[in-house]
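Engineer: Below: one structure in structure tokens.
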Amino acid sequence: MDEERTARSGAGGGASVLPEALALDFDGTIVDTETPWYRAWQAVYAGFGAALPAEEWARTVGTAGDAFDPVAYLEARVGRPLDRAALQGDFRARGLALQARQKLRPGVRALLEEARGLDLPVALASSSPRPWIQGYLERFDLLRFFRTICTAEDVRQVKPAPDLYRLAVRRLGVAASRTVALEDSPHGAAAALAAGVPCVVVPNAFTRVLRFPEGATVLPTLRGRGLEALAQAAFGRGPSRR
């Protein structure tokens, strides 16, 4: 099994190195929960004749929820105080309704199945709270794929700080440099790279308009891409970076 994990025959007959472990983000990476939240706030803002720029909402994507205050930003746009509780309730109802329709992002389950078949350890590293993640993992029957789950409750600082990825590789007992992080956001990619973990970004409908840190490799989709493709991208032999 170890030999199968570390090398396979490539298309040209040579050996291709696989990662020794994977560390996956959750929101926006496994399930696109990011785009529904943004669209929910867009709808709330539209009711006031205002717009929420993507670059403003991006400040909270992949990091702590208090990184950006959408109510305060809207109040500044309309020039008066607003009912915060009512706005938050409207936003949450809209967002959850949109998220209920979301499926796993393309290629995620196949990648996890491949890693499981090779007994390759997989961690989840998310800035979100555990109860939020747990519900989705149970809904999609994904708990069995993760050897460890690292969430906001486990670290002093969430992404873009490197704490979550450092904890993940420590719990897995693997080298950061031989692990591949899978992310969707600039904050997440920055966290992985700061922890010394090569990072592959697969943007979702919202984050595809954002810029990612130097050193992160961007793939348009995971569909049809397995561990070899991730290794080639993460370890410097993959497609375009930005």
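Nothing in this text is a laboratory measurement; each read-out follows from the coordinates by a stated rule. None of the values given here were measured: they were computed from a predicted structure. Note: ideal-geometry Cβ built from the backbone for every residue, glycine included; neighbour counts use all protein chains shown.
Engineer: How big is the Kirkwood radius of the stretch 157-242, worked out from every pair of different alpha carbons and given in Å to one decimal?
Structural biologist: Values: mean 1/r = 0.0783 Å⁻¹.
Here the Kirkwood hydrodynamic radius works out to 12.8 Å.
Engineer: Let me ask another. Residue by residue through the stretch 140-155, what is 3J(HN,Hα) from phi via Karplus (6.51 cos²θ - 1.76 cosθ + 1.60, θ = phi - 60°)? Round to whole Hz and write x for glycine and proline.
Structural biologist: Calculated HN-Hα couplings, in order: 9, 6, 10, 4, 5, 7, 9, 6, 8, 10, 10, 10, 4, 5, 8, 9 Hz.
Engineer: Give me the extension gain from residue 157 to residue 17: residue separation times 0.36 nm, minus the current Cα-Cα distance, reported in nm with one decimal. All intermediate terms of the calculation are to be shown ahead of the outcome.
Structural biologist: Working: separation 140, 0.36 × 140 = 50.40 nm, distance 3.24 nm.
Additional length available on full extension: 47.2 nm.
Engineer: To continue, here is another question. In the stretch 150-242, which GluC sites (Glu not before Pro) fall in coil by DSSP and have 15 or fewer other Cβ atoms within 10 Å? Spell out each step's value before the answer.
Structural biologist: Values: sites: 153, 183, 214, 228; in loops: 214.
Passing sites in the stretch 150-242 are 214.
Engineer: Give me the number: length gained by fully extending residue 118 to residue 59, i.e. 0.36 nm times residue separation minus the C-alpha to C-alpha distance, one decimal in nm. Write out the running numbers ahead of the final one.
Structural biologist: Details: separation 59, 0.36 × 59 = 21.24 nm, distance 3.70 nm.
Extra length available between residue 118 and residue 59 comes to 17.5 nm.
Engineer: Quick check: convex hull of the Cα atoms in the stretch 34-99, volume per residue, rounded to a whole Å³? Intermediate values should be presented prior to the final figure.
Structural biologist: On the way: hull volume 5.2 nm³, N = 66.
About 78 Å³ per residue, rounded to a whole number.
Engineer: Listing 139, 156 from the residue with the fewest other Cβ atoms within 10 Å to the one with the most, what is the order? Don't skip to the answer; put the middle values down first.
Structural biologist: Details: 139 11, 156 6.
Fewest to most other Cβ atoms nearby, the residues stand as 156, 139.
Engineer: So, in Å, what gap is there between the alpha-carbon centers of the stretch 151-173 and the stretch 118-148?
Structural biologist: What the calculation gives is 14 Å, centre to centre.
Engineer: Give the relative contact order (percent, whole number) for the chain; include only Cα pairs under 8 Å separated by 6+ residues. Numbers along the way, then the final one.
Structural biologist: On the way: 432 pairs, mean separation 57.7, N = 242.
Relative CO of the chain lands at 24 percent.
Engineer: Let me ask you something else. Using a basic spin-label model with each label point 7 Å from the Cα along Cα→Cβ, how many nm lie between residue 228 and residue 80?
Structural biologist: Distance between label points: 6.4 nm.
Engineer: P(r) of the chain in 5 Å steps, Cα pairs, percent per bin?
Structural biologist: In whole percents, the pair-distance histogram is 1, 6, 14, 18, 19, 15, 11, 7, 4, 2, 1, 1, 0, 0.
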